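Just below is one structure, and these are the notes that go with it.
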Amino acid sequence: MKRGQRSSARNRRGKKRRRAARLEPASPPLAARQEKPLSTRHSLGFVYIAHVFRYIYGLILIPYYGRVLGPEEYGKVLAASALFQVIWLCVEYGCSVAGVRDLAGTTDRSGIAAQVGRQTMARVIMIPLAIAIGVGGAWLSPVLRTEPELMAYAIAIGINSGFNLGWYFQGTLQFRTQALLEVFGFALSLGFILLMVRDREEGARVLEALLLSGLIINGVAYALVTRQINLKYLSLAGACRLIWDSTALFASRGLRVMMANASTYLLSLFASAAQVGYYGPAERFSSVGLSFMQPVGQVLIGTVTRHLSSSENEWEAYRLMRNGILFMLGFGGLALLAAVGLSAWIIPLILGPGFEQTILIMQIFGFMFPFAAFNQAVSSYVLIPLRKDAYIIKATAVCAVSSIATVLASALFGEVGGSTMAGARVVAEVVTTCFLAMVLMKLDLGRKIFMENPDEISRGHSDCGSPRATDTNPISTR
C-alpha cells in the first residue's frame, strides 16, 4: 500500500515538473546568454585599449621588419599588405557598418541568426570579385607580378579578414569580447612573426604568420557565436539585398580611403619630389590623429541604434549623439593645439633636420582636425543610426570635389606645393561641415540632439520620420 502511495506521489511530482516545463520558454532570452552590457565609458575604455595595442604592435614590428627583411623584401611585404587591405574592403563591401546598425536594433534570436546568415552569405558572394581584384592588382604591380606566393597569401588574408566578426560584437554591444579578441590576435601574430621570420628572404613568412593568426582568431570568434549560426538563413536573396543596401556606405568608405591615399599621388602631378617628401610625413601624422577618432564610432553606432529601437530610450540615443559630437569637437580642438604648438618640436625630433617645411604643412593640417571630428561624429553617430546613408555619400562626394577643385584652382592661378594640398584638405572639411550642418537643419535633428527635455523629443519625433530601428528584421522587404 505504501509502495503504491509513493509511486502515485512520484507520478504527481513528474506531472507538475512537465507542466512547469511547458510553461517555461524554450530557451532563455538572448540577452541572458550574452555578457553583461558595459557602460559607454567602459566600452570606450576597452576599445581604446585595443587601439593602443595596435600602435604598440606596429612600433615593435616596423623596426623588426626593417632590420631583418631589409628594404627590398620589406617593400614586397608592404605591397602585399596594401593589396590584402583592398581585398578586405571589397569582401566587406560596407556590410559591416550595416550589420552593426541592423544587429543593434534586433533582440530576438531568430532575427540575430538571420543577420549572421545574410552577412555571411554576402561575403561569400563577394569572394569571386575579391579574387579577381587580387589577381588583377598583383599583375598590375611590378613588385608582386613575379611573386605568386605573396599574391596568394594576400588574397587569402584579405578574404579571411573580410569574414571577421567585429561587426557582430559591436552590434550586440559585446565590446569587451571584441577588444580581447583583437589584443589576442595582435599577440598571436606578433609571436608567429618573431618565431617564423629570421632571414632577409622570408617576406612570405610574414604573410603566412598573419594568415595563420587570422584563421585562429576567426575560428575562436565563430565558435563563440555558433549558437547564432543557422544554415536556413544563408539566403541568396537576403544577401543580395544587404549588398544593395550597403552600396552607399561602401562608396562613402571607398571614396574616403581613396582620398586619403591619393592626396600624395595628386601632389606628385603638380609638385616636385621634394614637396612630396615634405608633405608625406605630415599627411601620415594627420592620419594617425584622425585614426584616434575611430574607436568612438565602434561603440556609439551600435549603442545609439540600440537606444533608437526603443521608444522609452530614444532620448538616451539623442543624448549620446550630443555627447559624442561634443567629445569629438573637444578632441579636434586638442589635436589642433597639439599640431600648431608641438610640430616645431616633434617633427625635427622624429625626422631630423631638413624637414622645416613639414612643420608648416603639419600646422596647416591642424586646422582640419576640429572640422573632420565634427564630420565624422555627425556621419557615424547621427546619420548612420538614423539610416540616412544617402546624405553620407553626398557629404563624402562634397568633400572629395572640394579638395580636388581647390588643388586645380591653385594649379591654375599659382604654384602647388605641400602647403597647398594641406590647405585643400582643410577647405574640403570646412565645406563638408557646412553641408552636414545644413542636413541637420533640414532634418530638424539639431533641435533634437541639443535639447534637454526627453518629452520634447517624443513630441517632435514625427518631424523627420521615425528613426527607430524597428525595420531591422532581415526578413522584411525594407
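Values in this text are rule-based calculations from the coordinates and carry no lab data. Here the structure is a predicted model, which means the values were calculated and not measured. Cβ sites come from the backbone with ideal geometry, for glycine too, and all protein chains shown count toward neighbours.
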³J(HN,Hα) computed for each position of region 150-157 - Karplus, 6.51 cos²θ - 1.76 cosθ + 1.60, integer Hz, glycine/proline x: 5, 4, 5, 5, 4, 5, 5, 5
For region 268-293 versus region 156-232, the gap between their alpha-carbon centres in whole angstrom: 30
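Please give the net charge around residue 327, taking every other residue with its beta carbon less than 14 angstrom from that of residue 327, where Lys and Arg add +1 and Asp and Glu add -1. Can you show the working numbers first?
On the way: positive: 41, 319, 322; negative: none.
After counting each charged neighbour, the total is +3.
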R0 of 45 Å, Cβ-Cβ distance residue 42-residue 272: FRET efficiency to nearest 0.05: 0.35
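For region 106-163, which trypsin sites (Lys or Arg not before Pro) are in a loop by DSSP, counting at most 15 other Cβ atoms within 10 Å? Please list the in-between numbers first.
On the way: sites: 109, 118, 123, 145; in loops: 145.
Filter output for region 106-163: 145.
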Relative contact order of region 31-245, pairs being alpha-carbon contacts under 8 Å that are 6 or more residues apart, as %: 35
Paired Rg and Dmax values of region 31-245, which use every Cα atom, in angstrom: 18.3, 54
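Test of understanding: what is the full-extension gain from residue 411 to residue 232, defined as 0.36 nm times their sequence separation minus their Cα-Cα distance? Could you put the intermediate results ahead of the total?
Details: separation 179, 0.36 × 179 = 64.44 nm, distance 5.76 nm.
Once the chain is fully extended between residue 411 and residue 232, it gains 58.7 nm.
GluC sites (Glu not before Pro), restricted to region 154-202: which are DSSP loop and have at most 11 other Cβ atoms within 10 Å? Show your work: numbers first, answer last.
Working: sites: 182, 201, 202; in loops: 201, 202.
Sparse-neighbourhood loop GluC sites (Glu not before Pro): 201.
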Mean Cβ count within 10 Å, highest first, over the residues of peptides 392-401, 169-178: 169-178, 392-401
